[in-house]
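Everything on this sheet refers to the single structure shown next.
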Amino acid sequence: MYKINEVFETIQGEASFTGVPSIFLRLQGCPVGCSWCDTKQTWDLNTEYLVSLDKTVEKKADSELWTEATSEQIVTLFQDKEYLAKHVVITGGEPCMYDLVPLCELLHEAGFSTQIETSGTFEIKVPKETWVTVSPKINMRGGYKVLTSAMKRADEIKHPVAMQKHVDELEALFTETGVTPKLVYLQPISQKAKATKLAIDTCMKKNWRLSVQVHKYIGIN
Ligand SMILES: C[S@@+](CC[C@H](N)C(=O)[O-])C[C@H]1O[C@@H](n2cnc3c(N)ncnc32)[C@H](O)[C@@H]1O
Ligand SMILES: Nc1nc2[nH]cc(C(=O)O)c2c(=O)[nH]1
Ligand code: SF4
Ligand SMILES: [Mg+2]
């Protein structure tokens, strides 16, 4: 069973798949504790907020309500909703707290491509076809460490930045893990002007890429 906070269809607003119509599956639960996390409603698994599947599909507003479903129920839901998107983004919360192999395999059999968004602090369990976006979380409150195996598996790195310290921490992680990623995106934290300038200047200097959370600029989910 997967614990689910919400399901919705939208345009992927971040990194390499920006602009791709996607079904988002947001799983519940995350202990990493990023102070600037934009989905804090996914952190806890409070049984008081356990509801039926229909209450977590296309929520009108962010909430701590969550439900449980099997891989089969999730694929059936996507088919019943007649979503047009063929790309599924599994995010959270921290999706790698779950074994995502059965779910991704079933989605692939049903004709979907899959992508995960992860902090890299839990072992990544996905099929080899799944696109893995690692957004490494360094020195966050929960005390979790980024796994070298996650850095190696990453198809892209997407790092939220607001201060030079965040860029320095990322480069130290590359050195520490011995991984030089193929694709590195910097993502300004919360559309702040200073953070955006830092991301642009650093991308120009390092030949990295900019990811600006397009959905937040155009006011979609
Ligand atoms: C909410 S997280 C969920 C998936 C996973 N826990 C992770 O951190 O990758 C999805 C993406 O949003 C990014 N993110 C979260 N809050 C943000 C913020 N305020 N500004 C920019 N990016 C943010 C994360 O770094 C991650 O890349
Ligand atoms: N449009 C859109 N794109 C996204 N890319 C990553 C998201 C996430 O919350 O993981 C996200 C999201 O919440 N909305
Ligand atoms: S790891 Fe992801 S979901 Fe968890 S607190 Fe950090 S940004 Fe939020
Ligand atoms: Mg988001």
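Can you spot a residue in the stretch 2-13 that is of a type in the set (A, V, I, L, M, F, W, C), within 11 Å of ligand 1 (Cβ to nearest atom) and at pLDDT 95 or above? Within the stretch 2-13, none of the residues are of a type in the set (A, V, I, L, M, F, W, C), within 11 Å of ligand 1 (Cβ to nearest atom) and at pLDDT 95 or above. Residues satisfying the criterion are absent from the stretch 48-55 (criterion: within 17 Å of SER119 (Cβ to Cβ) and either in contact with a strand residue (DSSP E or B) (Cβ under 6 Å, 6 or more places away or on another chain) or at pLDDT 95 or above (or both)). If we scan the stretch 168-175, do we find a residue that is within 23 Å of GLN213 (Cβ to Cβ) and touching a Phe, Trp or Tyr at 6+ places or on another chain (Cβ under 9 Å)? No, because not a single residue in the stretch 168-175 is within 23 Å of GLN213 (Cβ to Cβ) and touching a Phe, Trp or Tyr at 6+ places or on another chain (Cβ under 9 Å). Within the stretch 90-113, the only residue that satisfies the criterion of being surrounded by fewer than 24 Cβ atoms within 10 Å (Cβ to Cβ), of a type in the set (Val, Ile, Thr) and not in a helix (DSSP H, G or I) is THR91.
If you check GLN12 against the conditions, is it among the polar types (S, T, N, Q), touching a residue at least 60 places away in the same chain (Cβ under 8 Å) and over 17 Å from MET97 (Cα atoms)? Yes; evaluated as a whole, the condition is true for this residue.
Conditions (1) hydrophobic (A, V, I, L, M, F, W, C); (2) more than 16 Å from ligand 3 (Cβ to nearest atom), marked per residue:
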| residue | (1), (2) |
| --- | --- |
| LEU183 | yes, yes |
| GLN187 | no, no |
| SER190 | no, no |
| LEU198 | yes, yes |
| ASP201 | no, yes |
| TRP208 | yes, yes |
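Looking at the stretch 114-136, can you tell me whether even one residue there is at pLDDT 95 or above, among the basic types (Lys, Arg), surrounded by 14 or more Cβ atoms within 10 Å (Cβ to Cβ) and not in a strand (DSSP E or B)? Scanning the stretch 114-136 turns up at least one residue that is at pLDDT 95 or above, among the basic types (Lys, Arg), surrounded by 14 or more Cβ atoms within 10 Å (Cβ to Cβ) and not in a strand (DSSP E or B). Scanning for something among the charged types (D, E, K, R) and within 12 Å of ligand 1 (Cβ to nearest atom), does the stretch 43-58 turn up at least one residue? No; the residues of the stretch 43-58 include none that is among the charged types (D, E, K, R) and within 12 Å of ligand 1 (Cβ to nearest atom).
Selection of the stretch 60-99 for residues being over 17 Å from the mean Cα position of the chain (by Cα) and within 16 Å of ligand 1 (Cβ to nearest atom) yields SER63, GLU64, TRP66. Of the helices (runs of 4 or more DSSP H) lying entirely inside the stretch 139-221, the ones with 1 or more residues being at pLDDT 95 or above and acidic (Asp, Glu) are found at 164-177, 193-206. Of everything in the stretch 145-181, what is basic (Lys, Arg) and over 20 Å from ASP201 (Cα atoms)? Give them in sequence order. Of everything in the stretch 145-181, those that are basic (Lys, Arg) and over 20 Å from ASP201 (Cα atoms) turn out to be LYS145, LYS152, ARG153.
The values are calculated or read from the model by the stated rules, or taken from the named source; none is laboratory data. Small disclaimer: the values here were computed from a predicted structure and weren't measured. Neighbour counts are summed over all protein chains in view; Cβ atoms, including those assigned to glycine, are modelled from backbone coordinates with ideal geometry.
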